[in-house]
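Down below is the structure, laid out as structure tokens.
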Amino acid sequence: MNYQTIDEIYTTNDKVRENLKDVLSKVSDEQANFLSEGEKWTVAKIVEHISIVGNGMMRISAKLLKEAQSKGETSDGKANITGEFLQKASAAREQKFEAPEMVVPTGNQTIAESLIKMDETRKNLEEMRPLFESVGCSPDFTFPHPAFGPLNANEWLALLGGHEARHTQQIAKLLEKSA
């Protein structure tokens, strides 16, 4: 996750999304709603969670970029990813997290509905790409993540792909159990 440019983050996030869609394309209705022993969420709930979190990350990034832009912060398209973020992201791979209440899935959304919402978020992020590439992300413009602490817009964008990748692996493991 050590990105040099905004383009690298977008490219990686696109690959992660395609992988998620590929995994989900093979999910039956039964598998989508199967609750494996010891698990709290079904595959459908995990995908709903991803859609909720992705939208939130997009909105946070938009707010941070607009604040930085209004203060004249500029960028040359390089990703501003801190060493602290990279350390926490690496350590997080082995941790299990409890989702904050605001991003807990309702269970009232199908995988298809969640994917539509995720595609809308991705479209909005693509429209924001020029801002990510031209607006600087100094430490003055951050928003706290419950586990990672204060993150800038570039880090939120990178985390979005990392979050999807993490849950794609989780979904793949659940599908193995439901087979």
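Which FRET efficiency value, to the nearest 0.05, do you get for Met102 and Glu67 by plugging their Cβ-Cβ distance into 1/(1 + (r/R0)^6) with R0 = 25 Å? Once the sixth-power term is evaluated, E becomes 0.70.
Counting only protein heavy atoms and a probe of 1.4 Å, the accessible surface of the chain is 51% carbon and sulfur.
Think of it as helices only: each DSSP H run of n ≥ 4 in the chain is worth -39500 (n - 2.57), and spread over all residues that comes to -21000 deg cm²/dmol at 222 nm. The magnitude of the dipole of segment 32-76, with charges of +1 and -1 set on the Cβ of Lys/Arg and Asp/Glu and taken from the Cα centre, is near 220 debye.
The residues of segment 1-122 expose, per residue, 59 Å² of accessible area to a 1.4 Å probe.
Which of rounded, prolate, oblate describes segment 81-179, given a ≥ b ≥ c as roots of the alpha-carbon gyration tensor eigenvalues and a/c under 1.5 marking rounded, otherwise prolate only if a/b is larger than b/c? Show your work: numbers first, answer last.
Details: a/c = 2.08, a/b = 1.37, b/c = 1.52.
Note, shape of segment 81-179 comes out oblate.
Close amide H pairs (under 5 Å, H built 1.01 Å from N) link His145 with Leu151, residues at least 5 positions away or on another chain. In degrees between 0 and 90, to the nearest 10, how far off the longest principal axis of the chain does helix 83-92 point, with axes built from Cα atoms? Taking the Cα atoms of the chain, the angle to 83-92 is about 10 degrees. Calculate the tail of P(r) for the chain: the fraction of all Cα-Cα distances greater than 25 Å, expressed in %. Looking at the chain, the distances longer than 25 Å represent 33 percent of pairs.
May I ask you to list the GluC sites (Glu not before Pro) in segment 97-126 that are in a DSSP loop and have at most 15 other Cβ atoms within 10 Å of their Cβ?
Values: sites: Glu98, Glu101, Glu113, Glu120, Glu126; in loops: Glu98.
Filter output for segment 97-126: Glu98.
The values are calculated or read from the model by the stated rules, or taken from the named source; none is laboratory data. Remember, predicted model here, so these are calculated numbers, not experimental data. Because the Cβ atoms are built from the backbone with ideal geometry, glycine has one as well, and the counts that use them run over all protein chains shown. Areas reflect the complete protein model, heavy atoms only, side chains present, ligands, DNA and RNA absent. Shrake-Rupley method; radii C 1.70, N 1.55, O 1.52, S 1.80 Å.
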